[in-house]
Amino acid sequence: MPQAAAMVQTANCAFDSSGQLFEVCIHGRDDLMLGGTKKLPSLEMKGIIVNLEVDPPSAEVMEIARKELRETPDLARESMEELRNLLKEDEELTTPYEYNKFLERFLRPTKFYPESAYDLVKRYYDFKLKHWDLYREMYPSSVKAVFDQDLVTTLPLRDEKGRRVLILELGKKWKHKKVALEEVFKACVCFVEIAAHEPETQVCGVQVIFDMDGLSLQQVWQFTPSFAKLIVDFLQEAIPLRVKGFHIVNQPYVFNMVFALFKPFLKEKLSSRIVFHGTDRPSLHNYISPKCLPECYGGTMEMERIPSEKWYEVLTPIEHEFKEILKYGYLKAIAAKEKDKKK
């Protein structure tokens, strides 16, 4: 990673060229999370600390933000206030615009262009509205079965570029008669929502590994065009993160049938970031260093993969934060949907 060479900043602090921290005045609240959580839970697993990384990013990471996201103290301050004003003026959309960290979540993936960030906020909430039946109970305990089957997790180490690595296993581990694809999607969204609170993830982004080892024909039949469109729409329009790559590994021949459902909906940008590796580990290592990968992916990482159940133990104590997130959006339209459901 490049070394810091100039002043760089987070929402309410900045680093000078020597890495010294000092204050920057930005109006608004600097609460860690919307629900008032002050201390985040963590677990230790054989020497690995499983937790959320919400500390201010290092000077090194903020230099990446300066180079890739145009982030400087002045621009961050101006963009945040402009985005706040745009959201204040939107009478149909309810957002926690007074929270600086909320605004930062949308400004970083849009490179601090306030209008682009505003569009992302609207798409983010519009997607929730369109799929409210899924989002109504978008919190970890509603999809405990996904965690029990160990289908979704993150690696304990970030990759060589500081990106979180999310792993999704939809092959031999997936008992499709007990866990529907929509539940897997909800678990993934829970990870995305919480990862979007991590400043380093906001800056560096995420990589996703889809491990399809053991995918059966019966499992293939669970995929539908409507589900494919749901996933692609989420990734292309509504995700508030920089997703840098999708890596398909261990896929059997029948996976071609699955991908054929997704392909018609893919735009060029997303399509260009999907890479099929099969069992070719050197191919995967061209994108993610083996030092950051476990042995099963040809890596040399000494730390063990974190079981999904461990992440469940970290996330459930802050489940109220997931419920707090659901209190915002196009609330009048959501209320109308709830009313129609009761008829």
Open item on the list: I need the full set of residues from the stretch 252-287 which are buried (at least 16 other Cβ atoms within 10 Å of the Cβ), in contact (Cβ under 8 Å) with a residue 24 or more places away in the chain and assigned to a helix (DSSP H, G or I), in order please.
Closed with: PHE255, VAL258, LEU261, PHE262, PHE265, LEU284
Task: Tally, over the stretch 288-343, of residues that are assigned to a loop (DSSP other than H, G, I, E, B), of a type in the set (Lys, Arg) and closer than 24 Å to GLY245 by Cβ - done: 1
TODO: Could you tell me whether the stretch 239-251 includes any residue that is among the aliphatic types (A, V, I, L, M), surrounded by fewer than 17 Cβ atoms within 10 Å (Cβ to Cβ), out of contact with any strand residue (DSSP E or B) (no Cβ under 6 Å at 6 or more places or on another chain) and at pLDDT 95 or above?
DONE: no
Task: Scope the stretch 156-180; condition aliphatic (A, V, I, L, M) and part of a loop (DSSP other than H, G, I, E, B); matching residues - done: LEU157, LEU170, VAL179, ALA180
Task: Of all residues making up the stretch 115-150, the number that are of a type in the set (Asp, Glu) and not in a helix (DSSP H, G or I) - done: 2
Task: Only listed residue being closer than 30 Å to THR300 by Cβ, at pLDDT 95 or above and not acidic (Asp, Glu), chosen from GLN222, GLN236, GLN218, GLN202 - done: GLN202
TODO: Answer yes or no: is there a residue in the stretch 309-317 that is surrounded by 13 or more Cβ atoms within 10 Å (Cβ to Cβ), among the aliphatic types (A, V, I, L, M), in contact (Cβ under 8 Å) with a residue 24 or more places away in the chain and under 14 Å from LEU155 (Cα atoms).
DONE: no
TODO: Report yes if VAL258 is in contact with a helix residue (DSSP H, G or I) (Cβ under 7 Å, 6 or more places away or on another chain) and under 23 Å from LEU120 (Cα atoms), otherwise no.
DONE: no
Open item on the list: Would you confirm, using the coordinates I've provided, whether LYS122 is crowded, with 17+ Cβ neighbours inside 10 Å and of a type in the set (D, E, K, R)?
Closed with: yes
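The values are calculated or read from the model by the stated rules, or taken from the named source; none is laboratory data. Computed from a predicted model, the values in this text were never measured in an experiment. No Cβ is skipped: glycine too gets one built from the backbone with ideal geometry, and neighbour counts run over all protein chains shown.
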